[in-house]
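The values are calculated or read from the model by the stated rules, or taken from the named source; none is laboratory data. Computed from a predicted structure; not experimentally measured. Quick reminder, even Gly has a Cβ in these numbers, built from the backbone with ideal geometry, and neighbours come from all protein chains shown. When the accessible area is computed, the model is the full protein with side chains, heavy atoms only, and any ligands, DNA or RNA have been set aside. Shrake-Rupley method; radii C 1.70, N 1.55, O 1.52, S 1.80 Å.
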There are 2 protein chains.
Amino acid sequence: MTDGSLTRDQILSAAVEVLRRYGPAKATVVDVARALKVSHGSVYRHFPSKAALREAVMERWLRESHTLLDAVMAGDGPADVRLRDWLATLFAAKRKKALDDEELFATYMALLGDASEVIEQHIDHLLGQLREIISDGVARGEFAVQDPAATARAVFDASLRFHSPVHAADWGRAEIDEEFDALCVLILDGVRAR
Amino acid sequence: MTDGSLTRDQILSAAVEVLRRYGPAKATVVDVARALKVSHGSVYRHFPSKAALREAVMERWLRESHTLLDAVMAGDGPADVRLRDWLATLFAAKRKKALDDEELFATYMALLGDASEVIEQHIDHLLGQLREIISDGVARGEFAVQDPAATARAVFDASLRFHSPVHAADWGRAEIDEEFDALCVLILDGVRAR
DNA sequence: AGAATGACAAAAGTTGAAATCTGTCATCTG
DNA sequence: CAGATGACAGATTTCAACTTTTGTCATTCT
């Protein structure tokens, strides 16, 4: 059948379209339903609330950055190179989204306000990867840290300026890349065995 | 005379009172004038705009944190202790203001939005002190960094979570102090000579 | 003179009534 | 019976009239 019944994925795609067109402040679930030519009640059969729909959109969107990061995780070079690459990839991915996906990025920022489950999972995923890189570095004798999980958190915090959406306004500054490099040096020297 | 004419300082004090009572969203210069029992036109004789008045209030307020930091700068112990103390003092000062001076802290956050001169100077002052500590550490042979100014910026950025008002919401979390300690370890190991 | 005033225009903010949206549900459709 | 519908109540948003605030300035005060 061309269109027997509405799927979760169709709704998500329509929601992305609507969010991109109207932005998070204006987009309504009526708009999403209209885009799909169904009643808004149908959308509510698949998502319990507008907030849940928004979160599902963001979950899918955030998974895109994960793909690039997963590629870095798959590498098997020295841990310091991997850590640097991972941070650079995260920064690049976030900056790209902030620049050429403004409306969805704004939706992401809005989510930040209401302590969302999705964001928490996203951060946990990132912290997990960091911990893995650091543990690996320790195993190879490259890094010397006392608690890899705590260090992962510290590295995450230290690099906040280059991945937290609250600092997105800074990402257009001329000096930002130099500053990123300087931070990487500090972090890498901070974990390196001596 | 008990009150010959209005001084800049009287206005600033009245403005602080008004800001504390009504908060930055509600406080008006008419309120400030009323508190002083003068017309609002008089306030405009001393400050060219409401924004300028707000900035002057913030300048005075930010200087308070500088006092504590200056005390740390005056010390002459090892540079690593000084750096740690400086970061801890900055964090403590900001957290204290966020907690028991909510309204003025909110005013400070509002200022952040409009790229204020005062904030820029505040940050430059902090960066200058950091650079001084780091240069001193290098001179003593304790630290090894290639460019103290760039490293100062990196240390500032790395510790953003513990002094930038945009992260104030996190400062109430239970784990925050452990996380601060872990970050300090990372930063100190990052600058230390090996 | 320097300092303060109050009247004024333009900008910003408030208010409340009307319109729209969210979320539920009894009913309908295949 | 799973999925879709549209009517509905309560919450939220919008819009326009109205009020307050900002910033200026000619005039007054000392």
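Quick look at the values:
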read-out: Matching residues, the stretch A:1-27, being open to solvent by less than 50 Å² (accessible area, probe 1.4 Å) and modelled with pLDDT of 95 or more; value: A:Ile11, A:Leu12, A:Ala14, A:Ala15, A:Val16, A:Val18, A:Leu19, A:Gly23, A:Pro24, A:Ala27
read-out: Some residue of the stretch A:105-114 being within 16 Å of DNA strand D (Cβ to nearest atom), open to solvent by less than 30 Å² (accessible area, probe 1.4 Å) and out of contact with any Phe, Trp or Tyr (no Cβ under 9 Å at 6 or more places or on another chain); value: yes
read-out: Which listed residue is over 20 Å from A:Val155 (Cβ atoms) and in contact with a helix residue (DSSP H, G or I) (Cβ under 7 Å, 6 or more places away or on another chain), from B:Arg84, B:Arg131; value: B:Arg131
read-out: Every residue from the stretch A:185-194 that is more than 7 Å from every other protein chain (Cβ to nearest Cβ) and either among the charged types (D, E, K, R) or touching a Cys at 6+ places or on another chain (Cβ under 6 Å) (or both); value: A:Arg192
read-out: Pairs where the first residue, in the stretch B:92-103, is among the hydrophobic types (A, V, I, L, M, F, W, C) and the second is in a helix (DSSP H, G or I), C-beta under 7 Å, 6+ apart; value: B:Ala93/B:Ser65; B:Ala93/B:Leu68; B:Ala98/B:Phe105; B:Ala98/B:Ala168; B:Ala98/B:Trp171
read-out: Hits in the stretch A:21-75 - residues which are charged (D, E, K, R) and under 16 Å from the mean Cα position of the chain (by Cα); value: A:Arg54, A:Glu55, A:Glu59, A:Arg60, A:Arg63, A:Glu64, A:Asp70
read-out: Given (1) near DNA strand C (Cβ under 8 Å from one of its atoms); (2) open to solvent by 100 Å² or more (accessible area, probe 1.4 Å), index of the condition A:His40 fails; value: (2)
read-out: Residue among B:Gly128, B:Gly113, B:Gly137 that is within 14 Å of chain A (Cβ to nearest Cβ), under 27 Å from B:Ala51 (Cβ atoms) and not hydrophobic (A, V, I, L, M, F, W, C); value: B:Gly113
read-out: Among residues of the stretch A:43-92, those that are surrounded by 15 or more Cβ atoms within 10 Å (Cβ to Cβ) and among the polar types (S, T, N, Q), counted; value: 2
read-out: Single match in A:Ala110, A:Ala74 (criterion: closer than 30 Å to A:Asp181 by Cα, assigned by TED's automatic domain parsing to the domain that holds A:Glu179 and within 15 Å of DNA strand C (Cβ to nearest atom)); value: A:Ala110
read-out: Of the criteria (1) open to solvent by 10 Å² or more (accessible area, probe 1.4 Å); (2) free of Cβ contacts under 8 Å to residues at least 60 places away in the same chain; (3) of a type outside the set (Lys, Arg); (4) in contact with a strand residue (DSSP E or B) (Cβ under 9 Å, 6 or more places away or on another chain), which one A:Ile134 fails; value: (1)
read-out: Complete set of residues in the stretch B:140-184 that are more than 7 Å from chain A (Cβ to nearest Cβ), of a type in the set (A, V, I, L, M), open to solvent by 10 Å² or more (accessible area, probe 1.4 Å) and assigned to a helix (DSSP H, G or I); value: B:Ala149, B:Ala168, B:Ala169
